Number of protein chains: 2
Amino acid sequence: MKRSELQSEFLEALTKASRKIRTAFNQRVTAHGLTYPRARALWRLAEKPDMAQAELAFELELEQATMVRLLDRMEENGLIERRPSLNDRRVKLIALTPHGEEQATLVRCVADQMRQEVFADIDKDDLRGLTLLLQTITGRVADLEDHHVDA
Amino acid sequence: MKRSELQSEFLEALTKASRKIRTAFNQRVTAHGLTYPRARALWRLAEKPDMAQAELAFELELEQATMVRLLDRMEENGLIERRPSLNDRRVKLIALTPHGEEQATLVRCVADQMRQEVFADIDKDDLRGLTLLLQTITGRVADLEDHHVDA
DNA sequence: CCCATATCATTAGTACGCTAATTATAAGCC
DNA sequence: GGCTTATAATTAGCGTACTAATGATATGGG
């Protein structure tokens, strides 16, 4: 097979895998009234509570404006609370409600279970090598963007 | 490193790579008044003209309802035309306009160039291996969904 | 021929994602 | 202290994604 065909095939496989995983995860949590983005936010907040919105947005690689709406709905659903920071009156800290804590636990269970099932008999060394390759590719794309900005 | 950590790391790398590529590609085509989904549609239509909307939606793995809006805007931008099918009065066939053809060519150029730059010195066998693994994972996730539906 | 069923495109409504512009506050500098 | 600049959250507006419901047409069975 030609080099370019291999590359195209790889790109297609990458896109497909990524979307499949997201969709499957989404299906499993929507049954509990969640969505994939909310689940990601809950997961992160459970690990590191009381983040400012900007900080959470950075960690989830979302824009602040996107974060605002997401948190609006999570607040409506009783998953989180916005609390004013004492040090900086511009900042609002995000805290999980008890309900949010429960849902975060659920999210972790679903994720762990899915991970185990999907990677059941995947070789550890293969996984390690491919993770490295993916990281290389990601870095290469980031470089491209930088050059693109320079121009 | 523990098995579960490796798996998590792989998932993160996968998600990140996929998003980076999509974003980078998007940046390059928006300069020409396109978007990533429109570029994908143009690409597919250039390869296989006069598809019905449902067929195009299937190939791009989008819902028909999503396709409608996307094509609405592509029609407004003069990229495509909807033509009634002669065989089936429910069906509308999608044809590229001359402008659409031009843009499709541009899309292909951008994609080819990006592909070459990103994969410049990636080993062919590595790529093959990763593609296989990704396909395995995709299949595994698909199986999970089926079982989930059964339950 | 007719009716039940299926399929195509569409609309309505919701949820994300982005950029750009606004408002409130903070921080640095003369 | 007052002015410039930077940062936090928000709003507004767009584009894309989904599901559910609709209306028009096809299709197969009796």
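The values are calculated or read from the model by the stated rules, or taken from the named source; none is laboratory data. Small disclaimer: the values here were computed from a predicted structure and weren't measured. Glycine gets a Cβ as well: all are built from the backbone with ideal geometry, and neighbour counts include every protein chain shown. Note: accessible area is taken over every heavy atom of the protein model, side chains too, but ligands, DNA and RNA are not part of it. Shrake-Rupley method; radii C 1.70, N 1.55, O 1.52, S 1.80 Å.
Points to keep in mind about this one:
- Single condition residue B:112 does not satisfy, out of (1) open to solvent by less than 60 Å² (accessible area, probe 1.4 Å); (2) within 12 Å of DNA strand C (Cβ to nearest atom): (2)
- Tally of residues being surrounded by 13 or more Cβ atoms within 10 Å (Cβ to Cβ), within 7 Å of DNA strand C (Cβ to nearest atom) and more than 14 Å from chain B (Cβ to nearest Cβ) across segment A:59-68: 0
- Residue that is among the hydroxyl-bearing types (Ser, Thr, Tyr), more than 14 Å from chain B (Cβ to nearest Cβ) and touching a residue at least 24 places away in the same chain (Cβ under 8 Å), where the choices are A:105, A:35, A:97: A:105
- Helices (runs of 4 or more DSSP H) fully within segment B:1-116 counting 2 or more residues that are within 9 Å of DNA strand D (Cβ to nearest atom) and among the β-branched types (Val, Ile, Thr): B:64-76
- Criterion: surrounded by 18 or more Cβ atoms within 10 Å (Cβ to Cβ) and more than 28 Å from residue A:10 (Cα to Cα) - qualifying residue of B:79, B:71: B:79
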